[in-house]
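In what follows, a single structure is set out as structure tokens and then discussed.
Rule-based calculations on the coordinates, nothing more; no lab input. Quick caveat, the model's predicted, so the values are computed rather than measured. Cβ atoms come from the backbone with ideal geometry, glycine included; neighbour counts cover every protein chain shown.
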Amino acid sequence: MNGNGKKILVIGGGMSGLTAALEAAESGAQVVIVEKNPYLGGRVSQLNKYFPKLCPPNCGLEIQFKRIKNNPDITFYTMADVTAITGQEGAFTVTLNVRPRFVNDKCVGCNKCAEVCPVERVNDFNYGLDKNKAAYIPFDMAFPLQYVIDKKVCDGCGKCAEACEYGAIELDMQPQTVTVEVGSIVLAGGWDLYDATKMDNLGFGTVPNVITNMQMERLAAANGPTAGKIVRTSDGAEPKNVAFVQCAGSRDENHLPYCSYICCMASLKQATYLLDQDPEAKATIFYIDIRTPGRYEQFFWKVRDREGVELVRGKVAKVTAIPGGGVEVVAEDTATGTKIRRKFDLVVLAAGMVPSTKTDKIPLNLTYTEDGFIAPAALPKGVYAVGSLKSPLDVAKSVQDGTGAALKALQSAGGR
């Protein structure tokens, strides 16, 4: 550890949090990362590709993980929550609750615990599209590469401990309370996907073959539930005709009154997933208006002009099941003023982005907007919010924001 006295806490191990942590640590500070999940990487780790270059996120994450692993000035806690924050800029005392993983650092990722585990759980990393064992590793490139046991479903049989040759299983592991003293705090809690079941007219959860945009990411990902093959969730058939429904919850006073920023680009990107897998497939994007700011406009033009892509300007009013596993979409074409009824094999809802602070409150006196985002101007001195906690952002802008927060946190931690 360095001895310059600068110490920074980063709450959240997604892309903006990792960026802030690494930039601060490589500029001379000691950094502590706190992440509620069993792994670092956040939502980015669940994506198939970034837009607009359409490269996989594994490249960027692998570099970030290597930088963390090789930096002695970074300490991280996964499965951890912040329970109390006291003090002021330059001298915060933070209390953490580290939940038990039931697997210690002797784990080598051999998979023997999962092989003998008799209990399955819903795989939340894949948004419920498949199941994995109660002893599991979140995904194949997880960092830390260490198994975890879900005690909510574990039956306590002990077979995992018997199978482990390295003594890595500790079924009696207890929660730990950790206290850290830091000079500044970066809030990087990220975002949650809006609950699509709340939009009963769009059929999620009741109509077969209606999925969310993040489920589409997992279906298209090579490390996803279908090894990258896009299929219908009801029968495993390859969809030939797919509807992408924009603003599923966003820009709607009954749900999310704001634009979630990334949805248009995400749907355009996902249309390329479909057509790259099957050039004869059809992708129909129902939209209010397409928002592709700045350099993203060229990506829009490229996808718009691709054979097999149709853009329909109209708000989807209803999604219903039809015989044979198909889905009917009813919308108003606002360009022509006519009502549309179309049949599709699969419907993808561009569900909106919700700040994590809606459900996971930070124990600080913070001011929130009416939409639940943190108001940066009202933050306590020495505390900085980054990424989608302030407003919906894409990955590139979240990384830029993380770099800026690192500079501010360094100034606060060092007493300016």
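One residue alone among Thr359, Thr292, Thr334, Thr338 is surrounded by fewer than 22 Cβ atoms within 10 Å (Cβ to Cβ), farther than 23 Å from Phe204 by Cβ, within 23 Å of the chain's Cα centre (by Cα) and of a type in the set (Val, Ile, Thr), and that residue is Thr292.
Among the residues that make up segment 76-91, is at least one of them outside any strand (DSSP E or B), surrounded by 14 or more Cβ atoms within 10 Å (Cβ to Cβ) and within 25 Å of the chain's Cα centre (by Cα)? Scanning segment 76-91 turns up at least one residue that is outside any strand (DSSP E or B), surrounded by 14 or more Cβ atoms within 10 Å (Cβ to Cβ) and within 25 Å of the chain's Cα centre (by Cα). Looking only at residues of segment 370-389 that are touching a residue at least 24 places away in the same chain (Cβ under 8 Å), more than 16 Å from Ser184 (Cα to Cα) and in contact with a helix residue (DSSP H, G or I) (Cβ under 8 Å, 6 or more places away or on another chain), we find that the one that is surrounded by the fewest Cβ atoms within 10 Å (Cβ to Cβ) is Ile374.
What is the residue count in segment 43-93 for residues that are among the β-branched types (Val, Ile, Thr) and more than 20 Å from Leu389 (Cα to Cα)?
Matching residues across segment 43-93 total 6.
Determine whether Ser234 is of a type outside the set (A, V, I, L, M, F, W, C) and either under 18 Å from the mean Cα position of the chain (by Cα) or surrounded by 23 or more Cβ atoms within 10 Å (Cβ to Cβ) (or both).
In short, no.
Residues that are β-branched (Val, Ile, Thr) and in contact (Cβ under 8 Å) with a residue 60 or more places away in the chain were ranked within segment 269-323; the one that is farthest from Ile340 (Cα to Cα) is Thr272. Here segment 193-213 is the region considered, the condition is being part of a loop (DSSP other than H, G, I, E, B) and not polar (S, T, N, Q), and the residue that is nearest to the chain's Cα centre (by Cα) is Tyr194.
Beta carbons closer than 8 Å, at least 6 apart along the sequence or on distinct chains, pair a first residue in segment 81-106 that is at positive phi with a second that is surrounded by 14 or more Cβ atoms within 10 Å (Cβ to Cβ) and in a strand (DSSP E or B) for Gly90/Ser184; Phe102/Val148; Phe102/Ile149; Phe102/Ile169.
Taking the conditions exactly as written (aromatic (Phe, Trp, Tyr) and buried (at least 23 other Cβ atoms within 10 Å of the Cβ)), does Phe300 satisfy them or not? Taking the combined requirement at face value, the residue does not satisfy it.
Scanning segment 366-416 for residues that are part of a loop (DSSP other than H, G, I, E, B), in contact with a Lys or Arg (Cβ under 7 Å, 6 or more places away or on another chain) and farther than 24 Å from Ala266 by Cβ returns a single hit, Gly414.
Val31: of a type in the set (Val, Ile, Thr) and either farther than 28 Å from Ala266 by Cα or crowded, with 24+ Cβ neighbours inside 10 Å (or both), yes or no? It is true that Val31 is of a type in the set (Val, Ile, Thr) and either farther than 28 Å from Ala266 by Cα or crowded, with 24+ Cβ neighbours inside 10 Å (or both).
Do we have Gly189 as touching a Ser or Thr at 6+ places or on another chain (Cβ under 6 Å), under 28 Å from Arg291 (Cα atoms) and not in a strand (DSSP E or B) here? Answer is yes for this residue.
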